[in-house]
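Remarks on the structure that follows.
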Amino acid sequence: MERQPPPPLITMETMLHQMASHGMGAEMVNPAMDLMYDLLHSFLPCPSVSAASSLSADCSAPGGGSEDRLSALPDAILRNVVSRLPAKDAARTAVLSSRWRPLWRSAPLALVDAHLLQSAGGEDSPHHAGTGSVTAAVSRVLEAHRGPFRCVNLTRSSMGAHRAELALWLDLLAVKGVEEFVFVNRPWPLDFPLPTTIFSLASVKRLYLGAWEFPNTSALPRGKAFPHLLELGLGCIAMEDRDLNFLLARSPVLQTLVVYASQKYVNLRIISRSLRCVQLCMCIVHDVSVVDAPRLERLFLWEVTSDEKVGTRVKFGHAPKLRFVGYLMPGVHVLEVGNTIIKAETRASPRTIVPSVKTLALKVHFGVRNEAKMIPCFLRCFPNIETLHIKSEETDQPAGKLNQKFWKETSGIECVQSHIREMVFHEYRGERSELAFLKFILENAQVLREVVILFVKGSLSSGDNAAAKLNKDLSSVKKASENCRLVILESSISRGGTCWSCKVASDFDVADPFYCCC
């Protein structure tokens with residue numbers, strides 16, 4: 001597949017040039033940055049500690065006695081208590097008594113610079129950058145505490161103006177150890193280089209990076225690795241394909257990978273013995289290939305686009321535990337199973353199916369014939385799906401619609417006939433092409449138990465009797481499953497919006513991430 005040259009990094013110069021070409025002045029830079037940080041913070045995990053509660057220094061026993069039972073607890077328990085406090089409160093425990101004084105320096109500390117911003121009288125907002133005093137406070141805490149750090153969340157400093165502190169922080173964390181590290185550079189430039197010292201954080205288990213240029217991994221020594229890393233999030237990062245491959249190869253226990261709003265085109269080859277969940281969100285993706293991923297359970301593509309000339313190739317290789325896949329876009333994504341490119345005329349065979357998948361989500365432009373007609377081909381590739389999510393997308397340029405005749409002539413889709421038990425139709429508008437597909441499912445799905453139809457927000461309260469009209473349209477349908485229940489609801493999401501949550505999608509305890517995130 002022909003590839004285009006990579007786009008330029010999102011530097012201040014290129015941003016101002018693009019804004020000027022659209023008639024916008026430099027005064028719009030700050031709102032643009034605020035929007036970007038809203039996006040970044042929506043993908044970041046919440047800090048593991050909260051500064052919302054106040055810390056009381058009253059250690060007296062109930063009833064006014066003087067016995068301090070809390071201080072009598074073993075050191076290990078007290079350190080555990082301290083480690084669950086924000087850094088400023090953990091330090092304040094030293095004034096409780098001589099028993100507590102040395103504990104905070106040896107307890108695994110949780111450091112969140114937003115909490116320091118609050119204590120300095122600053123506004124706690126993702127849009128509000130920290131002052132030099134906050135940056136200095138971070139340095140003091142990192143230097144004073146002997147480590148390790150349970151959680152370090154740094155999102156409020158412009159590291160371009162604090163290069164010395166950047167080097168110091170990473171050096172200290174490399175020596176003292178950190179389990180969870182969230183590090184976002186702000187506000188500009190987005191292409192500020194992340195030091196290679198990041199690869200010295202050997203103890204890190206959860207790592208989220210935002211708005212950096214990733215180090216050139218081809219120049220790193222062979223010993224550099226993340227031996228304990230379980231979860232990795234990369235937001236608005238400028239990095240090459242080789243860097244993603246390097247991270248997968250050097251993270252032997254990595255379970256979750258999230259790539260969010262990448263500054264460059266993404267070409268991802270998934271080769272990992274440990275990965276369980278991969279999310280590509282708001283990226284321009286040329287190619288995602290599941291090559292060898294024996295533990296992979298979830299593959300999510302959310303708001304993934306391609307350039308106009310080349311579609312996104314999604315290739316499935318060895319992934320025997322893959323259960324959740326979506327959102328695939330028939331007619332936009334080029335689906336490949338093994339070495340077979342799936343086309344309209346492709347017949348189902350052992351070489352063209354992914355039998356392990358149980359939940360599939362498709363995003364469809366029903367108003368574009370060449371896209372909608374690929375739905376049967378995609379469904380044939382996943383013969384064992386039990387839950388099907390369909391998200392209907394509006395299009396500004398409709399190009400022919402499929403009618404009921406097309407679907408009546410469609411047959412031989414194993415998952416529809418024998419396996420689909422639940423279908424959720426998101427953003428239903430009541431268009432004839434949507435209705436035709438809905439009738440096809442009801443008339444052919446023999447084990448279907450429930451169909452949930454989520455009308456676009458405002459449809460059921462507009463006075464158009466949309467629900468009654470749909471019930472009437474379906475009243476003549478001869479259902480293949482007599483026990484199928486029809487549930488009609490209105491979406492809580494604004495038209496064209498979404499509530500995708502990277503956190504929910506990566507939570508292996510969530511039974512159906514597509515239901516929870518849409």
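Quick look at the values:
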| item | result |
| --- | --- |
| Looking only at segment 101-115, and only at residues there that are of a type in the set (D, E, K, R) and modelled with pLDDT under 85, the one that is surrounded by the most Cβ atoms within 10 Å (Cβ to Cβ) | 105 |
| In segment 278-288, residue most open to solvent (accessible area, probe 1.4 Å) [restricted to those that are of a type in the set (A, V, I, L, M, F, W, C) and in a strand (DSSP E or B)] | 284 |
| Flag if residue 165 is free of Cβ contacts under 8 Å to residues at least 40 places away in the same chain and open to solvent by 30 Å² or more (accessible area, probe 1.4 Å) | yes |
| Total residues in segment 420-436, condition hydrophobic (A, V, I, L, M, F, W, C), under 23 Å from residue 405 (Cβ atoms) and either assigned to a strand (DSSP E or B) or under 30 Å from the mean Cα position of the chain (by Cα) (or both) | 3 |
| Residues located in segment 204-238, provided they are crowded, with 19+ Cβ neighbours inside 10 Å and over 29 Å from residue 110 (Cα atoms) | 217 |
| Qualifying residue in segment 431-442 (condition: open to solvent by 60 Å² or more (accessible area, probe 1.4 Å) and either of a type in the set (Ser, Thr, Tyr) or modelled with pLDDT of 90 or more (or both)) | no |
| Residues satisfying the stated conditions in segment 348-363, i.e. in contact (Cβ under 8 Å) with a residue 60 or more places away in the chain and of a type outside the set (S, T, N, Q) | 348, 361 |
| Only listed residue being at positive phi and charged (D, E, K, R), chosen from 414, 434, 450, 427 | 427 |
| Subset of segment 443-467 (residues that are of a type outside the set (Lys, Arg) and at pLDDT below 90) | 456, 458, 459, 460, 461, 462, 463, 464, 465, 466, 467 |
| Members of segment 185-217 that are assigned to a strand (DSSP E or B) and out of contact with any Pro (no Cβ under 9 Å at 6 or more places or on another chain) | 207, 209, 210 |
| Count - residues of segment 343-364 that are at pLDDT below 90, closer than 23 Å to residue 436 by Cβ and of a type outside the set (Ser, Thr, Tyr) | 4 |
| Any hit, segment 126-148, residues being at pLDDT 75 or above, among the charged types (D, E, K, R), open to solvent by 20 Å² or more (accessible area, probe 1.4 Å) and part of a loop (DSSP other than H, G, I, E, B) | yes |
| Residue list for segment 289-309, filter: farther than 20 Å from residue 250 by Cβ and part of a strand (DSSP E or B) | 298, 299, 300, 301, 302, 305 |
| Members of segment 178-203 that are among the polar types (S, T, N, Q) and open to solvent by less than 30 Å² (accessible area, probe 1.4 Å) | 185 |
| Qualifying residue in segment 68-78 (condition: more than 21 Å from residue 150 (Cβ to Cβ), polar (S, T, N, Q), in a helix (DSSP H, G or I) and at pLDDT 75 or above) | no |
| Meets criteria (touching a Lys or Arg at 6+ places or on another chain (Cβ under 9 Å), in a helix (DSSP H, G or I) and either without any contact (Cβ under 8 Å) to a residue 60 or more places away in the chain or β-branched (Val, Ile, Thr) (or both)) for residue 226 | no |
| Any chance residue 271 is out of contact with any Gly (no Cβ under 6 Å at 6 or more places or on another chain), more than 20 Å from residue 230 (Cβ to Cβ) and of a type outside the set (Asp, Glu) | no |
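The values are calculated or read from the model by the stated rules, or taken from the named source; none is laboratory data. In this text, all values refer to a predicted model and were calculated from it rather than measured experimentally. Glycine also receives a Cβ, built like all others from the backbone with ideal geometry; neighbour counts cover every protein chain displayed. With ligands, DNA and RNA removed, areas are computed over all heavy atoms of the protein, side chains included. Shrake-Rupley method; radii C 1.70, N 1.55, O 1.52, S 1.80 Å.
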